[in-house]
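The structure appears below as structure tokens.
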Amino acid sequence: MESFGARLHRAMHERGPLCVGIDPHPALLAQWGLGDDVAGLDRFARTVVDALGDRVAVVKPQSAFFERFGSQGMAVLESTIRQLRNLGSLVLLDAKRGDIGSTVRAYASAYLDPSSPMYVDAVTASPFLGVGSLAPMFELAAEHGGGVFVLALTSNPEGASVQRARSADGRTVAQTVLDEISQLNAGAEPIGSIGAVIGATVGKTDCDLSAVNGPLLAPGLGAQGATAADLRVVFGPAVPAVLPAYSREVLGAGPDPAALRAAADRAVAECRAVLAMS
Ligand SMILES: O=c1ccn([C@@H]2O[C@H](COP(=O)(O)O)[C@@H](O)[C@H]2O)c(=O)[nH]1
């Protein structure tokens, strides 16, 4: 099966370098004239899927906003994932999972096994229990052409105290995570399937990104204050590997589908200019 890295590389070239999040915040539901309930959640997600599912490279449902509504919210998430896959966008589930290896195996089956109802193209993962504890995810991703995005330098200001801390060998925690990702992606073409999450808000990373050879998911654009121009500062020569991610900035244009599409097109144009892809 074709690797996630290869599928993502093609999708970004064909559809543009953009990941749009589905983050149905209560404030956005209200702004769209929807109730803060399962029906509102369902309408919100369907509107985004119908407007963007056949247009953007990657759609990233934020699991937390579906989990809020219990089993009914998870049913909406499952059907959102199915609809997105039918429309051709890659689905990156933002669930930030991580645990001891034996439990990570269950998370891996939930998201990266094609027989699961929650099967997605890629999932976000937290390396706080050690990057090695995520091995079951990496293995299942490799077996079925999936991807994993591992948190390295997150977009929130609180992340730095942990992620920029230095370990005994002098490397930052973020660099340690990136080095382990580099090993997993070594030799992969056109790009590896294990990505790193590095916020567009973090300024200079003080990290060596040259060997990562995987996609660099950059949240923090728009609502959190970063702009497309910041991507050059944060990623330097690694900027062509960046997958820019917007949620509220694009979603705030809804619920009119044409306005959502226009907002996504604007974001693609801005990012394409920075990533020097045409
Ligand atoms: O470092 C990180 C990792 C993940 N996120 C997630 O991305 C979106 C951002 O939403 P915006 O509305 O564009 O701010 C959200 O789902 C976060 O959980 C992140 O922001 N930073």
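The values are calculated or read from the model by the stated rules, or taken from the named source; none is laboratory data. Quantities reported herein were computed from a predicted structural model and do not represent experimental measurements. Glycine also receives a Cβ, built like all others from the backbone with ideal geometry; neighbour counts cover every protein chain displayed. The area values use the complete protein model at the heavy-atom level, side chains included, leaving out ligands, DNA and RNA. Shrake-Rupley method; radii C 1.70, N 1.55, O 1.52, S 1.80 Å.
Observations on the structure shown:
- Highest-fluctuation residue, Thr154, Thr201, Thr103 considered, GNM on the chain with Cα pairs under 10 Å: Thr103
- Euclidean distance of C-alpha centroids, the stretch 55-120 and the stretch 197-245, integer Å: 24 Å
- Residue-count net charge about Asp54 - beta-carbon cut-off 12 Å; Lys, Arg +1, Asp, Glu -1: +2
- Relative contact order %, the chain, counting alpha carbon pairs below 8 Å whose residues are six or more apart: 20 percent
- With every protein chain in place, the chain: carbon and sulfur % of accessible area (1.4 Å): 53 percent
- Rounded to the nearest 500, the helix-only mean residue ellipticity at 222 nm of the chain stands at -13000 deg cm²/dmol, with each DSSP H run of n ≥ 4 adding -39,500 (n - 2.57).
- 1.4 Å probe accessible area per residue over the chain, in Å²: 40 Å²
- Neighbours of Pro114, meaning other residues whose beta-carbon lies under 13 angstrom from its beta-carbon, give a summed charge of -1 when Lys and Arg score +1 and Asp and Glu score -1.
- Springs between Cα atoms under 10 Å define the GNM used for the chain, and in it the highest mean-square fluctuation of Lys204, Lys96, Lys60 occurs at Lys204.
- For the chain, the direction-averaged projected area of the alpha-carbon convex hull comes to 13.4 nm².
- In terms of the mean number of neighbouring beta-carbon atoms within 10 Å, the peptides 214-220, 122-128, 260-266 order highest first as 214-220, 122-128, 260-266.
- In degrees, nearest ten, helix 38-52 long axis to first principal axis of the chain (Cα): 70 degrees
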